[in-house]
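Heads up, the thing below is written out as structure tokens.
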Amino acid sequence: MRILVVGGGGREHAIVKKLSESKYAPELFCAPGNGGIASIATCLPVKATDVQGIVNIAEEYNIDLVFVAPDDPLMLGTVDALEAKGIRAFGPHQCAAIIEGSKVFSKELMKKYGIPTAAYEVFYEADKALEYIEAQNDYPTVIKADGLALGKGVIIAENYAEAEDAVKSIMCDKVFGESGSRVVIEEFLTGPEVSVLAFTDGKTVVPMVSAQDHKRALDNDKGLNTGGMGAFSPSRNYTEEVAEECYRTIFKPTIEAMNKEGRTFKGVIYFGLMLTPKGPKVIEYNARFGDPETQAVLPRLKTDFVDIINAVIDEKLDEINIEWSNEAAVCIVLASGGYPSKYEPGKEIFGLDSEVFKNGEAFVYHAGTKCEDGKIYTAGGRVLGVTSTGKTLDDAISKSYSALENIKFEKMHYRHDIGIK
């Protein structure tokens, strides 16, 4: 079996590694991949967003299955294009990926089908948005760019000045391009956050073990929003009772709603949740594995990943039993100094051959790296994810922080409180 994974970050490294553990021993390819993925898969120099390029290499290399991992290629219709050529592909079709690609769509879907979420209004003009914010005079308030924005299109404004700056940067300055042509102004929810990924074939929904992401760049949830500075699994707050309520009021109704809209969703759907005093509510949907939640969730998967993927594609998810390890897992992201703002790539990374990684006490997922002349260099904002498992969360946290002390690169930055709260 030949499998191609589309993407080149930490999430894709986690996916490739889990696929490499399959009993089917697949030959693995990744486009474009990175310095770490290259050790277990053949990396091909095709951008994840080059839809025709992905189709071409799938045909050229006689690929049996393509796993489309990132949001952009899904929204561009990569799965549709592959299937049009008779190539098996994992991930939602373009019409279903819109549940992440447009926050306006997802909010209106939830409103229409009674799925619990924060109150909101949609605006097409900056001045109208600011008039509404000023009239509401309720802070913090949440301002979201409608489209994809690399996980950075959500701004929590503590006062009118911050809200004004956010709206103007999104809608006038177009810092996120056309993704900011519309904004959603949303009520600020309080309570513990939890991320739940789920496999679905459009009929059956199978939630994975819970996780929690840390979005802010600095300790104690300070600083700018990032793509994610670390994650842990399981959530300390996601009880069996909460899980049952989420399945009944959110997970199943979402998949049924998409079917009713003629947008059947097959693949992995991500539920970003807030456990409010009034019950669980949806903060956001993603149409794929989250990053870095994947690096904390997939290490706990015991069932063969290839079997799950095939069951989703063939709409036979109800025929397999998906099992998970009882161990906890923690991923700590090592980022370039300055991320998510300006940073300098090209810094040599030292310590990846340390004994702690050789003996399996911890694993390093590569996110933004490149390999040149046998050396690994930084090539992105989020560079590495150091992941450990343990009998308890505290055990896994301790192991990850101990392991990352072996790694060094110039201006390396990470949070010191991943999994603590």
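The values are calculated or read from the model by the stated rules, or taken from the named source; none is laboratory data. A quick note: this is a predicted structure, and the numbers were derived from the prediction, not measured. Glycine gets a Cβ as well: all are built from the backbone with ideal geometry, and neighbour counts include every protein chain shown. To get the accessible areas, we keep the full protein, side chains included, count just its heavy atoms, and leave off ligands, DNA and RNA. Shrake-Rupley method; radii C 1.70, N 1.55, O 1.52, S 1.80 Å.
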Exercise for review: Could you work out how far apart the two model spin labels at Lys260 and Glu60 are, taking each label as a point 7 Å from the Cα in the direction of the beta carbon, and quote it in nm?
Suggested key: 4.6
Point to revise | Relative contact order (%) - criterion: Cα under 8 Å, at least six apart; region: the chain | key: 16
Review point. Along the Cα-to-C-beta direction of Ala25, a point sits 7 Å from the Cα; which residues of the stretch 306-348 have their amide N less than 14 Å from that point?
Key: none
**Study point:** Net length gained if the chain between Lys391 and Asn359 were fully extended (0.36 nm per residue, minus Cα distance)
**Key:** 9.7 nm
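With the contact rule set at Cα under 8 Å and sequence spacing of 6 or more, what percent relative contact order holds for the stretch 1-138? List each step's numbers first, then the result.
Values: 206 pairs, mean separation 25.2, N = 138.
Here the relative contact order equals 18 percent.
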**Study point:** Qualifying chymotrypsin sites (Phe, Trp or Tyr not before Pro) for the stretch 77-139 [loop in DSSP, other Cβ within 10 Å: at most 12]
**Key:** Tyr124
Point to revise | For the stretch 60-209: relative contact order, % (alpha-carbon pairs under 8 angstrom, 6 or more apart) | key: 20
**Study point:** Cα centroid separation, the stretch 316-360 to the stretch 159-213 (Å)
**Key:** 23
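Only bridges whose two residues both fall in the chain count here: according to DSSP, what percent of them are antiparallel, nearest 5? It would help to have the intermediate numbers written out before the result.
Working: 61 of 77 bridges.
Bridges in the chain that DSSP calls antiparallel: roughly 80 percent.
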**Study point:** Mean ellipticity per residue at 222 nm, deg cm²/dmol - from DSSP H runs of n ≥ 4 across the chain, formula -39500 (n - 2.57)
**Key:** -7500 deg cm²/dmol
Practice item. Could you state the accessible area per residue of the chain in Å², with a 1.4 Å probe and every protein chain left in place? Key: 41
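Considering only protein heavy atoms and a probe of 1.4 Å, how much of the accessible area of the chain is carbon and sulfur, as a whole percent?
Details: 8170 of 17400 Å².
Carbon and sulfur atoms account for 47 percent of the accessible area of the chain.
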Check your understanding: For the stretch 278-421, with the dipole built from +1 on Lys and Arg beta-carbon atoms and -1 on Asp and Glu ones, taken about the Cα centre, which of Ile320, Pro280, Gly390 lies farthest toward the positive end?
Key -> Pro280
Check your understanding: Given Lys168/Lys281; Lys144/Lys411; Lys107/Lys252; Lys18/Lys347; Lys144/Lys260; Lys375/Lys411, which pairs have Cα atoms separated by over 20 Å?
Key -> Lys168/Lys281; Lys144/Lys411; Lys18/Lys347; Lys144/Lys260
